[in-house]
Every structure is written in structure tokens, then in C-alpha cells.
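Below is one structure, written out as C-alpha cells, with a few remarks after it.
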Amino acid sequence: MKYVITIGREYGSGGRFVGKLVAERLGINFYDNELLTKAAQVSGMSEAVFVNYDEKKDGILGNGLGIYSYDMTLSQKVFLAQFEAIKKIADQESCVIVGRCADYVLREYPNVASIFICAPMDEKVKRAVEYYGLDAHKAESQIIKKNKKRKSYYNFYTDNEWGKAQNYDLCINTKIGIDETVEAIISYVKTRFNVDEAPEEDK
């Protein structure tokens, strides 16, 4: 059985790291920036374009994903190319996909577990300074700015609200610990899809 785990995350929550660990434990592929390469292949556009316009919005696309237009902006074309790449991946394999509205893109798929990961501000600041090299005195304002952009992007391209619990299958605060968060997701996925972890030699 193919299944997909989508992970929405606050900046600084450790969501990307959690997703990568979950994918390793389950022996399935992990897509974050890797999705840009796939989208470039699907669309025929340069990968550099996807990197430059990744998770950025502008102009008016229409109601959710339903309207396509020849005069769409480049960022809208990038989003739709990612949309097609996400669906193509989901049709072909089990995987973990981080961000890029994947939960919404795959909302009609019965074999998708949508996860949202958050964290207290003090922990997000600590992680942003330690892992992302943000200035300690400016970290909180930059985190707020980055999460505002993520929320704006998600809310613009979907009919849902970013980070709202009822829009996800599982919401986890990483204040319980990264390893504990991974365990919670693994436990949910095992129960939901009746799957086992990958053998040690496959991890």
C-alpha cells in the first residue's frame, strides 16, 4: 500500500528534521527541496526558477487551485508545477513531503496523513540560532516574519487555514522533544496504514 505523510511546520519547530527522521525510520523517500527538482523535470522549466520562487505568492490565482490561465505569473506557474509534481510522486510511491501545500494538494487522496508541527517561541528561537545561524537578538522577529510568509502562501493557494488543527490529521508541539515527536508520528502512521518500520539495513 502506498501512503504519503505531509508535514506543515512552523519555522524553527524542527519540522523538516522530524520529517527526514520519519522517512528514514519508515524506509521511504523524503521530499523538501528535492521536490523542486521533480517539479522542474515535470514542467520543463529551469530548477533555478523553482528555487527563486519557492513558497512565494503574487497576483491572483483564483479560487483555490481551480483556475488556470495563460497569463499567470511565474510564481503561480511554479506553484502549479509543484502541484503536478506532488500528485505524480503520490501516485508512484510512499514518501514524506514537507510544506508546499502538499496536504491540500492531496486532500482527495485517502492514503495521506497530514501533520502539522509547531513549537514554543523560545524553543524556535534557540533552534533558529543553533541550526540556522540567525542572530540571537533578531531571531524572534525573523521567525515571526518567516511564519507569516508561510501562512500567507498557504492561505493564498488553498481553501484552508495554515496551522489550524481541524485541517490536519495530527498536530504536534515539539516541546515534547524531537525523538518523541518522531515516535508519535510513527505510531500514528503504523496504526493508520498498517505499515512496519524499515529493516535496519534499509535505513
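The values are calculated or read from the model by the stated rules, or taken from the named source; none is laboratory data. Given the structure is predicted, the values throughout are model-derived calculations rather than measurements. All Cβ positions, glycine included, derive from the backbone under ideal geometry; neighbour counts span all protein chains shown. The protein model used for the area step is the full one, side chains on, heavy atoms only, and it has no ligands, DNA or RNA in it. Shrake-Rupley method; radii C 1.70, N 1.55, O 1.52, S 1.80 Å.
Observations on the model:
- Qualifying positions in segment 178-203 - under 19 Å from Lys2 (Cβ atoms), in a helix (DSSP H, G or I) and open to solvent by less than 80 Å² (accessible area, probe 1.4 Å): Ile185, Ile186, Tyr188, Val189, Lys190, Phe193
- Hits in segment 21-36 - residues which are touching a residue at least 12 places away in the same chain (Cβ under 8 Å) and more than 11 Å from the chain's Cα centre (by Cα): Leu21, Val22, Ala23, Glu24, Arg25, Leu26, Gly27, Ile28, Asn29, Leu36
- Top-ranked residue of segment 133-149 - restricted to ones that are of a type in the set (A, V, I, L, M, F, W, C) and touching a residue at least 12 places away in the same chain (Cβ under 8 Å), ranked as nearest to Cys101 (Cα to Cα): Ile143
- For beta carbons closer than 7 Å, sequence separation of 6+ or different chains, a first residue in segment 150-165 that is over 12 Å from Gly8 (Cβ atoms) and a second that is in a helix (DSSP H, G or I), the qualifying pairs are Tyr157/Phe79.
- From the list Lys38, Lys2, Lys20, Lys56, the lone residue that is in a loop (DSSP other than H, G, I, E, B), of a type in the set (Lys, Arg) and either touching a Pro at 6+ places or on another chain (Cβ under 9 Å) or modelled with pLDDT of 65 or more (or both) is Lys2.
- Unmet criterion (only one of (1) in contact (Cβ under 8 Å) with a residue 60 or more places away in the chain; (2) farther than 30 Å from Met1 by Cα) for Glu130: (1)
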